[in-house]
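Below is one structure, written out as structure tokens, with a few remarks after it.
The values are calculated or read from the model by the stated rules, or taken from the named source; none is laboratory data. Note that the structure is predicted; figures quoted are calculated from it, not measured. Virtual Cβ from ideal backbone geometry, glycine too; neighbours counted across all protein chains shown. The protein model used for the area step is the full one, side chains on, heavy atoms only, and it has no ligands, DNA or RNA in it. Shrake-Rupley method; radii C 1.70, N 1.55, O 1.52, S 1.80 Å.
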Amino acid sequence: MINPFITNPALRGLIKKLKIDSERKTALLEKLPRLDEEERLKLFETLKKIFLLDLEEKRAIERIKKYWKK
């Protein structure tokens with residue numbers, strides 16, 4: 001059974017949501033169809049970490065704005 005998180009559409013969607021420069025996004029999207037299952041799993045784990053870091057950054061900015069009063 002194929003992991004639904006490592007399919008082309010799922011990985012493509014995750015890549016597009018991340019805060020990475022367009023050059024890297026383009027490179028990842030171009031290489032995606034040629035990746036085997038193991039490479040896709042590694043890519044997914046890396047993208048997941050980046051996504052969580054982006055989310056953590058967003059939450060930190062929101063907390064700072066909430067408590068920072070001019």
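State all residues of region 1-40 that are under 25 Å from residue 57 (Cβ atoms) and among the polar types (S, T, N, Q); if no residue qualifies, say none. Those that are under 25 Å from residue 57 (Cβ atoms) and among the polar types (S, T, N, Q): 22, 26. Residues that are under 17 Å from residue 51 (Cβ atoms) and not in a helix (DSSP H, G or I) within region 18-40 comprise 18, 19, 20, 21, listed in sequence order.
Condition test on residue 15, is it open to solvent by less than 100 Å² (accessible area, probe 1.4 Å) and assigned to a loop (DSSP other than H, G, I, E, B)? Here the answer is no, as residue 15 does not meet what is asked. I'm trying to understand the selection: among the residues of region 19-36, which are within 17 Å of residue 7 (Cβ to Cβ), surrounded by 10 or more Cβ atoms within 10 Å (Cβ to Cβ) and in contact with a helix residue (DSSP H, G or I) (Cβ under 8 Å, 6 or more places away or on another chain)? Once the filter is applied, which keeps residues that are within 17 Å of residue 7 (Cβ to Cβ), surrounded by 10 or more Cβ atoms within 10 Å (Cβ to Cβ) and in contact with a helix residue (DSSP H, G or I) (Cβ under 8 Å, 6 or more places away or on another chain), region 19-36 yields 28, 29, 32, 35. Within region 57-70, the only residue that satisfies the criterion of being closer than 12 Å to residue 19 by Cβ and either open to solvent by 100 Å² or more (accessible area, probe 1.4 Å) or outside any helix (DSSP H, G or I) (or both) is 58. In region 33-58, the residues that are closer than 16 Å to residue 9 by Cβ reach residues that are open to solvent by 60 Å² or more (accessible area, probe 1.4 Å) and assigned to a helix (DSSP H, G or I) with C-beta atoms within less than 6 angstrom, at least six apart or across chains, in these pairs: 44/5.
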